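Novice: Let me begin by handing over the structure; questions about it come next.
Quick note: the coordinates plus some simple rules give every number you see, no bench work behind them. Not measured: the values here are computed from a predicted model. Using ideal geometry, Cβ is built from the backbone for each residue, glycine included, and neighbour counts are taken over all protein chains shown.
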Amino acid sequence: MNSQQRWTTEQIPDQSNRVFVVTGANSGLGLATTRALARKGANVILAVRDEAKGRRAVAEITAGQPDAQLEVRRLDLADLDSVRDFADGLRADHARLDVLVNNAGVMAPPRTLSAQGHELQFAANHLGHFALTGLLLDQLSAGDNPRVVTVSSANHRQAKFFFDDLSGERKYSPMGYYNQSKLANAVFGWELHQRLTAAGSPVRSVLAHPGYTLTNLQTSSPVGMVKLLFGKILSPLAQTPDQGALSQLYAATAPDMEGGQFIGPDGMGELRGAPKRVQLAPSAADAATGRKLWDLSEELTAVKFAFPAAA
């Protein structure tokens, strides 16, 4: 990709007859992603925690594009029972999926536990998406040029894992545990790429990050200085959701995407700009870390990926 050409949504190829699942599709980056895909003819399943908000998002998109093919389904990524219910319903109604965009996230809330007792950010941002991907892998394997796009953050580069205190019971830092969840996204996306490649699967795992984009992620769940800093003080530097979504849209649709690539903005510090290939932190591509997180995630979610046997 030549960032000099300033890739935009106009360059998304026709997506007619292709089925996308976008998590967190009712607002922010997810809504921008859904709108752009629908404009190119995709059938988009909006996977949302609040169905009323999902229906409002559909109404907003169809007001400008009456022929948009949109479907709202409930998914609470922080509740593994909800993830299983969503996947079961999707399997019953769709024989194949072409692209899964693991977009939804929560950022820097007070310490909260999920329905299964896991720290909320690790549960919603990582474990829910890990389980969802595993449960939908068969349908993706039947897809056309299938991809899993996992949305991480530039913050993964300054993160570490708290494997000895995953729930934050002893010492919880809202941003520290947010960064851990984004590192988990990066490790998962890379490790998934390795395992899909080894199995000879047609599914490609790619990663993206939106730079600094102002969404309700910065204003709804954070507390204290995090909310003040990212929600107000630095907001003039932020991109709009339509701009921030370009990286994940490129990852989801560009014909030249290869498995394992990481797409982010081309501007200074990767804070804003047109999509380009950027570097994963070495810690995210560490094989031992990948195996450790994978094994732990299978244990915590009770989801095992059914990879095809290598040819």
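Novice: How many of the residues making up segment 240-277 are of a type in the set (A, V, I, L, M) and either assigned to a helix (DSSP H, G or I) or touching an Asp or Glu at 6+ places or on another chain (Cβ under 6 Å) (or both)?
Specialist: The qualifying residues number 6.
Novice: Filter segment 40-69 for residues that are surrounded by fewer than 20 Cβ atoms within 10 Å (Cβ to Cβ), more than 24 Å from PRO13 (Cβ to Cβ) and under 21 Å from the mean Cα position of the chain (by Cα) and give the result.
Specialist: ARG49, ASP50, GLU51, LYS53, ARG55
Novice: So ALA108 passes all but one of these: (1) farther than 25 Å from ALA254 by Cβ; (2) among the small types (Gly, Ala, Ser); (3) touching a strand residue (DSSP E or B) at 6+ places or on another chain (Cβ under 6 Å). Which condition number does it fail?
Specialist: It is condition (3) that ALA108 fails.
Novice: Checking the structure you have, find out if any residue of segment 71-86 is out of contact with any strand residue (DSSP E or B) (no Cβ under 6 Å at 6 or more places or on another chain), assigned to a helix (DSSP H, G or I), of a type in the set (Gly, Ala, Ser) and exposed (fewer than 15 other Cβ atoms within 10 Å of the Cβ).
Specialist: Checked segment 71-86: no residue is out of contact with any strand residue (DSSP E or B) (no Cβ under 6 Å at 6 or more places or on another chain), assigned to a helix (DSSP H, G or I), of a type in the set (Gly, Ala, Ser) and exposed (fewer than 15 other Cβ atoms within 10 Å of the Cβ).
Novice: Residue under question is LEU37, and the condition is that it be in contact (Cβ under 8 Å) with a residue 40 or more places away in the chain, buried (at least 22 other Cβ atoms within 10 Å of the Cβ) and farther than 25 Å from PRO13 by Cα; does it hold?
Specialist: Details: in contact (Cβ under 8 Å) with a residue 40 or more places away in the chain: yes; buried (at least 22 other Cβ atoms within 10 Å of the Cβ): yes; farther than 25 Å from PRO13 by Cα: no.
No, not satisfied.
Novice: Additional query: Of all the residues that make up segment 88-106, how many are surrounded by 16 or more Cβ atoms within 10 Å (Cβ to Cβ) and more than 19 Å from the chain's Cα centre (by Cα)? Spell out the reasoning first.
Specialist: The initial filter retains those residues of segment 88-106 that are surrounded by 16 or more Cβ atoms within 10 Å (Cβ to Cβ), namely 90, 94, 97-106.
Going one step further and asking which of them are more than 19 Å from the chain's Cα centre (by Cα), we end up with 94.
Residues flagged as surrounded by 16 or more Cβ atoms within 10 Å (Cβ to Cβ) and more than 19 Å from the chain's Cα centre (by Cα) within segment 88-106 amount to 1.
Novice: I want to confirm something. Restricting to segment 70-87 and keeping residues that are over 18 Å from the mean Cα position of the chain (by Cα) and touching a residue at least 24 places away in the same chain (Cβ under 8 Å), which single residue is nearest to ALA115 (Cα to Cα)?
Specialist: Within segment 70-87, the subset over 18 Å from the mean Cα position of the chain (by Cα) is 70-71, 81, 85.
With the extra rule that they be touching a residue at least 24 places away in the same chain (Cβ under 8 Å), the set shrinks to 70-71, 81.
Working: LEU70: 29, GLU71: 26, ASP81: 9 Å.
Checking each candidate, the answer is ASP81.
Novice: List, please: which pairs have Cβ atoms under 6 Å, are six or more places apart or on different chains, and start with a residue in segment 166-177 that is under 18 Å from LEU127 (Cα atoms) and end with one that is aromatic (Phe, Trp, Tyr)?
Specialist: Pairs found: GLY168/TYR177.
Novice: Every residue in segment 57-70 that is of a type in the set (S, T, N, Q) and either more than 27 Å from ARG204 (Cβ to Cβ) or part of a loop (DSSP other than H, G, I, E, B) (or both), please. First the steps, then the outcome.
Specialist: Pass one, segment 57-70, residues of a type in the set (S, T, N, Q): 62, 65, 69.
Across segment 57-70, the qualifying residues are THR62, GLN65.
Novice: Can you go through GLY134, GLY30, GLY54 and tell me which one is assigned to a helix (DSSP H, G or I), touching a strand residue (DSSP E or B) at 6+ places or on another chain (Cβ under 6 Å) and under 26 Å from TYR177 (Cβ atoms)? Step through it out loud before you land on a result.
Specialist: Values: GLY134 fails: touching a strand residue (DSSP E or B) at 6+ places or on another chain (Cβ under 6 Å); GLY54 fails: under 26 Å from TYR177 (Cβ atoms).
GLY30 is the lone residue from the list that is assigned to a helix (DSSP H, G or I), touching a strand residue (DSSP E or B) at 6+ places or on another chain (Cβ under 6 Å) and under 26 Å from TYR177 (Cβ atoms).
Novice: Are any residues in segment 280-304 in a loop (DSSP other than H, G, I, E, B), touching a Gly at 6+ places or on another chain (Cβ under 9 Å) and surrounded by fewer than 17 Cβ atoms within 10 Å (Cβ to Cβ), and if so, which ones? Walk me through it before giving the result.
Specialist: Quick first cut of segment 280-304, residues in a loop (DSSP other than H, G, I, E, B) only: 280-281, 286, 302-304.
So of that shortlist, the ones also touching a Gly at 6+ places or on another chain (Cβ under 9 Å) come out as 280, 303-304.
Once the filter is applied, which keeps residues that are in a loop (DSSP other than H, G, I, E, B), touching a Gly at 6+ places or on another chain (Cβ under 9 Å) and surrounded by fewer than 17 Cβ atoms within 10 Å (Cβ to Cβ), segment 280-304 yields only LYS304.
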